[in-house]
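Colleague: My questions will all concern the structure given below.
The values are calculated or read from the model by the stated rules, or taken from the named source; none is laboratory data. Since we're looking at a predicted model, the values are computed, not measured. For neighbour counting, all protein chains shown are included, and Cβ atoms are generated from backbone atoms with ideal geometry for every residue, glycine included. In case anyone asks, the SASA skips ligands and DNA or RNA and just uses the protein heavy atoms, side chains included. Shrake-Rupley method; radii C 1.70, N 1.55, O 1.52, S 1.80 Å.
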Amino acid sequence: MKMTVKQSVADAGRISAGNSKMPGSTFAISALHCKVGGKLANVKGSVCDRCYAIKLQKLRPSVNQGWTANYEKAVGLIDKAPDKWINACVFQINRHFTKSQQPYHRWFDSGDLQSVAMLKAICGVAERTPDIEHWLPTREAKIVKDYLAGGGVVPSNLVIRISSTMIGDEPIKGYANTSTVHRKGEEPHGYTCPASTQGNNCGDCRACWSLDVENVSYPLH
């Protein structure tokens, strides 16, 4: 049976191309289900202390409904039929690429990894979309560590950036690609994200998707 947009969204959740701040497509799930992030949201001075996604979910019921649906569909289908979830995501990502000609995808502009199985499935999507550059920012360092320890392989077109937990922290050691947040006046670590100087937009920058950029430091805003 030929896959349709309606069926792929019903099965796996919606891959979006509506984020005007960055190129390509994105996938978001409920930030209310973040594991490490859920704890950090209650820690003053953490990178999740003022989580924009949680605020948006509380302010806009339609956003909360959509991201919660994505969470439930992704977790449920990955648990029962991961290949089906992979196929649906590949279909949607390729479709957006055909329309936009922007070969970039970001995982979790809201939310975060839920399990090793989810990371394995995301790697499967990346393998099946070799012409797309994938970026996965995460605070779930243990999930990534467990995946790698179990023999998991990260495709070369997927950049996993392990995020430091506190504002002003150094990059977390032991990972090839990381991210940090720095306050105004603090010395950033590595490459500084230019979005805050260009209308809160990626512009021509693609550092987050680059394996060659070890750490991206985001100015606190």
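Colleague: Apply the a/c threshold of 1.5 to the C-alpha gyration tensor of region 114-221 and tell me whether it is rounded, prolate or oblate.
Modeller: Oblate shape, in that a/c is at least 1.5 and b/c is the bigger or equal ratio.
Colleague: Still on this structure, please answer the following. Just to be sure I understand the model, the point goes 7 Å from the Cα along the line to the Cβ. What's the resulting residue 197 to residue 120 distance in nm?
Modeller: 4.4 nm
Colleague: Order the following by accessible area, largest value first: 113, 77. Probe radius 1.4 Å; ligands, DNA and RNA are ignored. Could the numbers behind the result be given before it?
Modeller: Working: 113 0, 77 25 Å².
Result of the area sort, largest leading: 77, 113.
Colleague: Grab the beta carbon distance between residue 99 and residue 156, set R0 = 30 Å, and tell me the FRET efficiency rounded to 0.05.
Modeller: It comes to 0.75.
Colleague: Rounded to the nearest percent, how much of the accessible area of the chain (1.4 Å probe, protein heavy atoms only) is carbon and sulfur? Kindly include the intermediate steps, with their values, before the conclusion.
Modeller: Values: 6170 of 11570 Å².
The C+S portion of the solvent-accessible surface of the chain is 53 percent.
Colleague: Once you have a ≥ b ≥ c as the square roots of the Cα gyration tensor eigenvalues for the chain, tell me rounded if a/c is under 1.5, and otherwise prolate or oblate according to whether a/b is larger than b/c.
Modeller: Note, shape of the chain comes out rounded.
Colleague: Right, here's the next one. Suppose R0 equals 41 Å; then what is the FRET efficiency for residue 183 and residue 69 from their Cβ-Cβ distance, rounded to the nearest 0.05?
Modeller: On the way: r = 36 Å, r/R0 = 0.87.
Taking R0 as 41 Å, the efficiency between residue 183 and residue 69 is 0.70.
Colleague: Setting aside same-chain residues fewer than 8 positions from residue 35, which aspartates and glutamates have a Cα under 16 Å from its Cα?
Modeller: Straight-distance partners of residue 35: 49, 72, 109, 112, 140, 146.
Colleague: Separate question: Using a Gaussian network model of the chain with C-alpha springs under 10 Å, which one of 40, 32, 56 is most mobile by mean-square fluctuation?
Modeller: Between 40, 32, 56, it is 56 that shows the largest mean-square fluctuation.
Colleague: Further, regarding this structure: Reachable lysines from residue 173, Cα under 20 Å, same-chain residues fewer than 8 places away excluded?
Modeller: 142, 145
Colleague: Estimate the FRET efficiency between residue 7 and residue 60 by the formula 1/(1 + (r/R0)^6), using the beta-carbon distance for r and 30 Å for R0, to the nearest 0.05.
Modeller: 0.70
Colleague: Post the alpha-carbon centroid distance, region 15-60 to region 105-145, in whole angstrom.
Modeller: Each part reduced to its Cα centre gives a spacing of 15 Å.
Colleague: Moving on to the next point. Straight-line reach from residue 73: which aspartates and glutamates fall under 13 Å, measuring Cα to Cα and dropping same-chain residues less than 8 apart?
Modeller: Of all the aspartates and glutamates, those that pass the test against residue 73 - Cα under 13 Å, at least 8 places apart if same chain - are 11.
Colleague: Per residue, how large is the accessible surface of the chain? Use a 1.4 angstrom probe and give square angstrom.
Modeller: It amounts to 52 Å² per residue over the chain.
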